[in-house]
Structures are given as C-alpha cells and as structure tokens.
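Heads up: the structure comes next, in structure tokens.
The values are calculated or read from the model by the stated rules, or taken from the named source; none is laboratory data. All figures in this text were calculated on a predicted structure; none of them were measured in a lab. Neighbour counts are summed over all protein chains in view; Cβ atoms, including those assigned to glycine, are modelled from backbone coordinates with ideal geometry.
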Amino acid sequence: MKTKLVLLFLAVWAPLALGHHSTSMYNMGTPTTFEGTVKSFAWINPHSLLHIEIVNSEGKPEEWAVEIHSIAIMIRRGYTKDFFKPGDKVTVVGGAMKDGSHMMRLLRGTKSDGTKFYGDDFSPSSTGATSAK
C-alpha cells in the first residue's frame, strides 16, 4: 500500500515540478533580439524579471518582461539587485512566449557600456556578468 501511495504521489507531482522548470512556453529555438530601455528590475523569486520598453515595428512603445533566474542563482553568478537601473539601455536575446504575450526567457544580453549578462546561455566557466572594460 505504501508503495502505491508513493507512486501515486510521484505520478501527480512530477509533471508539475517539471512543468515549472520548463521553457516549453517560450520559443527558445528561434531567439528574438530586442534593444530597449530598462523600466524596472524585480529582484524576486522564483525568477527575477527585467522590465524593458522597446519600440515595435509600428514605431509604438511596448513593455516586455524578461524572465531571468532566481535570486540565489543571480547572486552565485555575481549579480546584485542594483545590476539593472531604470534608464539603462540594453540589448536582450531570448525566447519569446509562444502565445504572443510580451514576455521572454533571457539567453543573453548586453548593456550599452558593453557589460554582458547571461540567462540560459550561461557558460559554467564564466562568473556571470562580465564587463567590457
């Protein structure tokens, strides 16, 4: 009986746990690149969010949310809550949401001063944010 309960528990919860950490809702196979201006940076769990304003193909402003990583991962990679400031110019590359909503999962990016930052393109041999200086 105990074995059946454990199997039932795993059958119910495993897909939910994997679903949370999935990027299947993002079009990661065809990355999108945006140049924009930082509106805000939410240093939150489970994922930090960079809010940027871009100018769309019609010349109109659009706000996009760029999902990065948890605070713990960000800290291990050398980021702080002050890494992004409102007004910073950034270029971001990532997988846009397949449903067309204005959100993407970060692969990598660059600040206007040349500082590089990483999401899912993170190289294990690097420490995270790298300065062009």
Practice task
Among the strands (runs of 3 or more DSSP E) lying completely within the range 76-133, list those that include at least 1 residues that are at pLDDT 95 or above and within 14 Å of V66 (Cα to Cα).
Solution key: 89-96, 103-111
Practice task
Could you please find all residues in the range 46-91 being among the polar types (S, T, N, Q) and over 12 Å from the mean Cα position of the chain (by Cα)?
Solution key: N56, S57, T80, T91
Exercise for the section: Within the range 82-89, identify whether any single residue is within 20 Å of D120 (Cβ to Cβ) and without any contact (Cβ under 8 Å) to a residue 60 or more places away in the chain, and answer yes or no. Expected result: yes
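For F41, indicate whether it is touching a Ser or Thr at 6+ places or on another chain (Cβ under 9 Å) and at pLDDT 95 or above.
It is true that F41 is touching a Ser or Thr at 6+ places or on another chain (Cβ under 9 Å) and at pLDDT 95 or above.
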Exercise for the section: Pairs only if they're at least six apart or on different chains, beta carbon under 6 angstrom, first in the range 42-68 and touching a residue at least 24 places away in the same chain (Cβ under 8 Å) and aliphatic (A, V, I, L, M), second surrounded by 13 or more Cβ atoms within 10 Å (Cβ to Cβ) and not in a strand (DSSP E or B); list them, first residue then second. Expected result: L50/F84; I68/S48; I68/G119
Completion exercise
For E58, the lone unmet condition from (1) at pLDDT 95 or above; (2) closer than 26 Å to S24 by Cα is (2)
Exercise for the section: Taking only the range 22-51 into account, find how many residues are out of contact with any Leu (no Cβ under 6 Å at 6 or more places or on another chain) and assigned to a strand (DSSP E or B). Expected result: 13
Fill in the blank from the handout: Among the residues of the range 52-71, the number that are in contact with a Lys or Arg (Cβ under 9 Å, 6 or more places away or on another chain) and assigned to a strand (DSSP E or B) is 5
